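**Q** Before I ask anything, here is the structure I am working with.
The values are calculated or read from the model by the stated rules, or taken from the named source; none is laboratory data. Note that the coordinates shown come from a computational prediction; the quantities given were computed from them, not determined experimentally. Note: ideal-geometry Cβ built from the backbone for every residue, glycine included; neighbour counts use all protein chains shown. We work out accessible area using only protein heavy atoms, side chains counted, and drop any ligands, DNA or RNA first. Shrake-Rupley method; radii C 1.70, N 1.55, O 1.52, S 1.80 Å.
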Amino acid sequence: MREPLSREELRWVCDPAGLDFESTATVAPVNGVIGQEDAVNALRFGLESYAPGQNIFVRGLTGTGRMTMIRRLLEEIRPACAGADDRCYVHNFAQPDRPRLLTVPRGTAQDLRRRVDAFCDFIRDELPGALQSETMEARRKVIDRRLTKEIAKHTEPFEAAIKKAGLAVVSVPVGPTSTTALFPLVDGKPVAPEEFEELRDAGKVDDAQYKAYEKSAEKHGEELEKISKALHRLRRKHQETVRGLVAQETRAILGEFVAEIRTDFRGNDVRTFLREVMDDVVELQRGPAREDGGDPCHSYRVNVVLGHGADEPCPVIVENAPTLSNLLGQVDRQIGPAGQVTADYSMIRAGSLLQADGGYIILEARDVLGEPGAWKVLERTLRTGRLDIVPPEFHQPWWGTAAKPEPIQINVKVVLLGSSEIYHLLDDHDAQFSYLFKVLADFDNVIARDEAGLKLYAGVLSRLSRDEDLLSFDRTAVARLAEHGARIASRARKLTARFGRVADIAREAAFVAGKDGRKIVTAEDVRETVRRMKRRGDLPSRRFREFLKDGTVLVETQGASVGQINGLALLRAGPLTYGFPARITATIGAGTAGVINIERESTLSGAIHTKGFYILGGLLRHLLRTDHPLAFSASVAFEQSYGGIDGDSASGAEVCCLLSALTGVPLRQDLAMTGAIDQRGHVMAVGGVDEKIEGFYDTCNDLGLSGQQGVLIPTTNAKDLMLREDVVEACAQGKFHVYAIANIYEALELLTGMPAGVRDENDEYPEGSLLALALERAHDFWVMGRGTQALLDELEERAAEEEQQEEVDQAAEEADSPADDA
């Protein structure tokens with residue numbers, strides 16, 4: 001008979017006396033992340049490398065300190081980072097809906113904006129006055145006098161001639177304009193031709209006078225037309241001369257401003273913008289004022305979308321909400337009085353990708369994949385190195401006037417945080433992923449459980465106390481937290497590296513100690529904290545135990561039963577996990593259906609559970625090797641289970657239950673079993689063993705401990721045990737037992753109390769063994785099946801003979817019948 005595990009094998013105990021400090025107050029704080037050397041090296045390489053595609057995927061569980069490590073390493077690397085230039089957008093005079101990008105040296109964008117603003121203010125406030133100076137007025141008068149002289153040169157001889165002819169030149173309004181015409185003079189005053197004709201009709205002007213007027217008007221009219229055209233040319237030339245003077249003076253006045261800006265900003269894009277601004281100002285001064293409303297210099301200003309301080313380090317951007325607009329930026333829209341929607345360069349806002357230009361951006365892969373379009377544009381930006389604030393597929397010109405800013409060339413390194421599942425999903429389904437994220441920083445969730453590991457725990461707790469102003473932890477509290485870290489790790493000689501969970505316990509333990517008026521946290525505070533945390537989340541577990549006690553859920557913890565065994569399952573409540581027994585039953589009879597998985601037939605079985613059941617069938621064929629088919633029908637079910645079932649940890653219990661039903665040998669109900677099997681009969685490791693053992697112990701304790709109860713677990717799990725202290729104490733007193741088994745034979749012997757049997761050199765099981773009995777029962781079912789088949793064959797043969805005889809009799813009757821008369 002196998003011996004149960006000893007106290008020492010059931011739980012690792014951290015001896016506080018082995019710690020070389022009294023409390024964490026005397027321990028140097030540990031900064032950063034501990035126990036992740038490989039991940040640190042990979043992350044450091046990815047952050048320092050500037051080769052194409054060296055973006056980083058940080059893979060690991062939450063709470064392992066990924067963000068802490070990334071921030072710390074970035075703090076170290078930042079000084080060596082060259083950083084990025086400043087970026088601005090300005091009005092594009094040629095294409096107003098395509099704002100132009102200005103790239104200026106790092107830290108100078110705000111200076112450019114201030115100087116251009118001062119330039120604009122001068123244009124608006126002082127330029128008009130400068131163009132009305134005495135010098136300008138004097139120069140205008142010279143031009144005006146020159147025009148007057150030229151006009152007199154053309155008009156004075158003509159005016160003398162027409163005056164002698166009794167005519168005068170009169171300006172006549174024609175709609176919004178005016179024209180010149182020749183009017184006759186009557187009593188020295190010009191009279192309209194129509195009035196002159198009326199005077200003739202009235203006899204006040206004789207025919208000779210009227211004919212003389214007509215002749216003079218015809219003669220001088222042609223000359224007037226020529227003079228008018230000449231005067232028009234003179235006035236137009238005069239206007240161009242005045243405009244040229246204004247343009248020349250404007251350029252001269254503005255030249256000083258522009259020259260100073262050009263001296264400090266030598267980029268062609270800035271020079272082009274300043275030239276276009278000057279051209280537009282000159283055009284405005286030459287022509288009528290535009291009726292744009294608002295700031296007359298709006299089109300001349302600079303919108304700084306990315307600026308830096310002179311000594312500002314490389315940016316490290318953490319984007320917690322990676323929507324399209326947050327990543328790329330956006331162009332705001334303005335609704336006018338008439339409801340029209342407009343957008344221009346001044347409404348462009350930078351996103352986190354641009355803010356991280358020349359530096360780093362940290363993203364959660366799950367959040368990026370959850371935002372529509374975000375992953376697509378992130379990949380495109382990394383692949384092309386070009387940021388489109390308004391991507392082509394999201395350009396919506398039908399919704400008012402749209403602005404599409406000029407793309408920006410950026411250099412940003414992405415640090416993507418995600419789980420193993422997300423990493424493999426992207427690697428399998430996204431062809432670009434492996435080329436864009438070439439560096440994998442893989443975080444482990446455990447560290448070594450040795451002296452160095454315990455010191456690191458103490459250092460982390462010291463840092464937590466210092467940073468959050470918590471009470472210090474004495475050596476017993478540190479030892480207790482290390483034990484809990486070992487339980488979370490659930491691996492031999494390992495401690496959890498998920499310090500987020502350990503820190504939560506430490507914080508609450510400090511709270512408990514403070515409420516009780518203590519100045520330091522002890523092991524008892526940690527123990528009470530763990531109890532409180534479990535109590536807050538164990539309502540489903542407590543309710544299930546109540547159902548067990550009042551008989552609502554049927555589970556036997558004493559006696560023996562054929563075709564029934566206690567399996568073990570898990571119930572999760574947030575970060576906590578609870579174990580509980582699950583009654584598994586099996587029935588068997590003659591037939592050919594094989595083994596039926598009732599959960600699978602009712603579509604409640606998960607893929608892994610179904611696979612485990614198929615392995616169970618393979619193991620049966622391995623154990624029951626016969627010279628005839630296995631001719632029986634069996635069914636296996638989880639009783640009183642109304643939800644989905646997955647995992648293969650119950651497959652060992654299922655095969656034992658099935659062999660019990662086949663042989664009629666009862667199984668002990670005071671034992672529960674967990675463990676997966678293979679087709680050779682090995683019992684393999686499963687998860688949640690601590691919780692499963694404790695769950696069955698609680699059930700037995702509620703229903704009454706007999707001193708015989710216990711749990712069968714895989715031998716490979718025995719080294720990982722970290723059971724509750726009350727369970728360990730019960731085992732030490734012989735009230736409960738934990739057995740480690742390596743194969744199905746050992747399990748059967750413990751459950752049935754009889755030898756399972758091992759095949760001898762003749763490939764036969766010893767007489768009196770369980771598996772020998774199983775072979776006999778399998779043979780009996782085959783014989784029963786063969787007898788049934790023989791009876792069926794006989795009945796089929798008799799039916800065939802009767803049918804044949806009927807055909808013979810019918811043929812004879814037809815032969816004896818007289819032929820009909822013709």
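**Q** Which condition does V242 not pass, out of (1) touching an Asp or Glu at 6+ places or on another chain (Cβ under 9 Å); (2) more than 30 Å from D125 (Cβ to Cβ); (3) modelled with pLDDT under 70, if it passes all the others?
**A** (2)
**Q** Find the residue count for region 359-380, including only residues that are of a type in the set (V, I, T), free of Cβ contacts under 8 Å to residues at least 60 places away in the same chain and over 14 Å from S325 (Cα atoms).
**A** Qualifying residue count for the region: 1.
**Q** Of the numbered conditions (1) in a helix (DSSP H, G or I); (2) touching a helix residue (DSSP H, G or I) at 6+ places or on another chain (Cβ under 8 Å); (3) in contact (Cβ under 8 Å) with a residue 60 or more places away in the chain; (4) not aliphatic (A, V, I, L, M), G500 fails exactly one; give the number of that condition.
**A** (2) is the only condition that G500 fails.
**Q** What's the number of the only condition in (1) modelled with pLDDT of 90 or more; (2) open to solvent by 10 Å² or more (accessible area, probe 1.4 Å) that E639 fails to meet?
**A** Answer for E639: the failing condition is (1).
**Q** Go through (1) under 30 Å from R383 (Cα atoms); (2) open to solvent by less than 10 Å² (accessible area, probe 1.4 Å); (3) part of a helix (DSSP H, G or I) one by one and return the number of the condition G459 breaks.
**A** The failed condition is (1).
**Q** What number of residues within region 564-615 satisfy the criterion of being open to solvent by 60 Å² or more (accessible area, probe 1.4 Å), modelled with pLDDT under 75 and under 18 Å from R543 (Cβ atoms)?
**A** 1
**Q** Something else now. Select from region 83-106 the residues that are assigned to a strand (DSSP E or B) and of a type in the set (K, R) and write down the one among them that is surrounded by the fewest Cβ atoms within 10 Å (Cβ to Cβ).
**A** R100
**Q** Shifting gears a bit: Would it be correct to say that E75 is over 24 Å from D720 (Cβ atoms), open to solvent by 70 Å² or more (accessible area, probe 1.4 Å) and either at pLDDT 90 or above or in contact with a helix residue (DSSP H, G or I) (Cβ under 8 Å, 6 or more places away or on another chain) (or both)?
**A** So E75 does not fit the description; no.
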